[in-house]
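**Student:** The following block contains the structure, expressed as structure tokens.
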Amino acid sequence: MAILKLYEYPHPILRKKCERVTKVDDEMRKFLDDILETMYADKGCGLAAPQVGVSKRVIVLDDNPSDKDESLRNPMYLVNPEIIWKSEEKVLFCEGCLSLPDQRADVERHEKIRVHFLDYNGKEQEILAEDLLAIILQHEIDHLDGILYIDHLSRLKRSRLLKKLEKYREENKEKGEKND
Ligand SMILES: [Zn+2]
């Protein structure tokens with residue numbers, strides 16, 4: 001397995017609509033292993049293929065990521081995931097994204113969703129997701145259509161968040177230079 005390079009905002013690959021996967025073969029399974037390892041290495045609870053520079057409809061997630069005890073992990077691989085039903089009830093949750101490091105904001109999502117997808121073995125699956133799992137799924141599936149969570153914010157909140165991101169990057173650049 002390998003850790004893949006993360007693509008951060010505003011890289012254009014994050015804005016592209018991803019292509020459907022035609023076959024879940026060994027090559028795809030190797031990619032699924034790598035993207036999952038990258039997600040754990042960066043302490044994320046979800047990661048979409050465009051975030052590692054691959055414009056394909058693939059996401060991985062874990063609604064119970066644990067650094068300490070790997071046996072508690074609950075990884076999920078979803079190829080060509082599609083939301084086929086959404087509840088009318090919505091919930092607010094404070095989201096973050098590995099492509100916008102160190103930032104968080106409240107986003108409104110459907111409380112429950114039903115998702116159709118292909119699993120690690122290319123088998124068709126359907127799940128009814130709620131709570132954190134439903135939120136992660138909506139966030140990651142958005143990535144496959146070039147949508148970031150900041151797109152769900154008001155213009156004012158978005159520009160504030162992007163300014164904070166810029167500041168965070170400046171500060172970390174300075175720290176990095178001092179450590180050299
Ligand atoms: Zn994200």
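Laboratory data are not the source of any read-out in this text; all were calculated from the coordinates shown. Please read these numbers as outputs of a predicted model, since none were measured by experiment. Methodologically, a virtual Cβ is constructed for each residue, glycine included, from the backbone with ideal geometry; neighbour enumeration extends over all protein chains shown.
**Student:** Can you sort 22, 38 by how many other beta carbons sit within 10 Å, fewest first?
**Tutor:** So the residues, fewest neighbours to most, are 22, 38.
**Student:** Could you work out the relative contact order of the stretch 1-80? I mean the mean sequence separation of Cα pairs under 8 Å and 6+ apart, divided by the number of residues, in percent. Kindly include the intermediate steps, with their values, before the conclusion.
**Tutor:** On the way: 125 pairs, mean separation 25.0, N = 80.
Contact order relative to length: 31 percent.
**Student:** Sequence neighbours fewer than 8 away in the same chain don't count; with that in mind, list the lysines whose C-alpha is under 20 Å from residue 163.
**Tutor:** Straight-line reach from residue 163, under 20 Å: 173, 175.
**Student:** Extent of the stretch 1-60 along each principal axis, from alpha carbon coordinates, in Å, largest to smallest?
**Tutor:** Here the Cα extents, ordered largest to smallest, are 31, 26, 16 Å.
**Student:** Please enumerate, by chain and number, the lysines with C-alpha under 18 Å from the C-alpha of residue 56, excluding those fewer than 8 residues away in the same chain.
**Tutor:** Result set, ordered by chain and number: 5, 16, 17, 23, 30, 123.
**Student:** So what is the calculated 222 nm ellipticity per residue for the chain, using -39500 (n - 2.57) for each DSSP H run with n of 4 or more, over all residues, to the nearest 500 deg cm²/dmol? Present the calculation step by step, with values, prior to reporting the outcome.
**Tutor:** On the way: 3 runs with 55 residues, N = 180.
After summing the helix terms and dividing by residue count, I get -10500 deg cm²/dmol.
**Student:** Which aspartates and glutamates does residue 164 reach when only Cα atoms under 18 Å apart count, and residues fewer than 8 places away in its own chain are ignored?
**Tutor:** Within the straight-line cut-off, residue 164 pairs with 8, 95, 102, 106, 151, 174.
**Student:** So, one more: Based on the mean of other Cβ atoms within 10 Å per residue, sort peptides 31-37, 168-174 so the most packed one is first.
**Tutor:** 31-37, 168-174
**Student:** Are there trypsin sites (Lys or Arg not before Pro) in the stretch 32-104 that DSSP marks as loop and that have at most 10 other Cβ atoms within 10 Å, and which are they? Mind showing how you got there, number by number?
**Tutor:** Details: sites: 43, 56, 57, 68, 73, 86, 90, 104; in loops: 43, 57, 68, 73.
Listed in order of number, the matching sites are 43, 68.
**Student:** Please report the spacing between the Cα centers of the stretch 33-75 and the stretch 102-152 in Å, no decimals.
**Tutor:** 13
**Student:** Translational diffusion coefficient, Stokes-Einstein: compute it for the chain using the Kirkwood radius over C-alpha pairs as Rh, at 10 °C and 1.306 mPa s, and state it as an integer in µm² s⁻¹. List each step's numbers first, then the result.
**Tutor:** Values: Rh = 17.0 Å.
D = 93 µm²/s.
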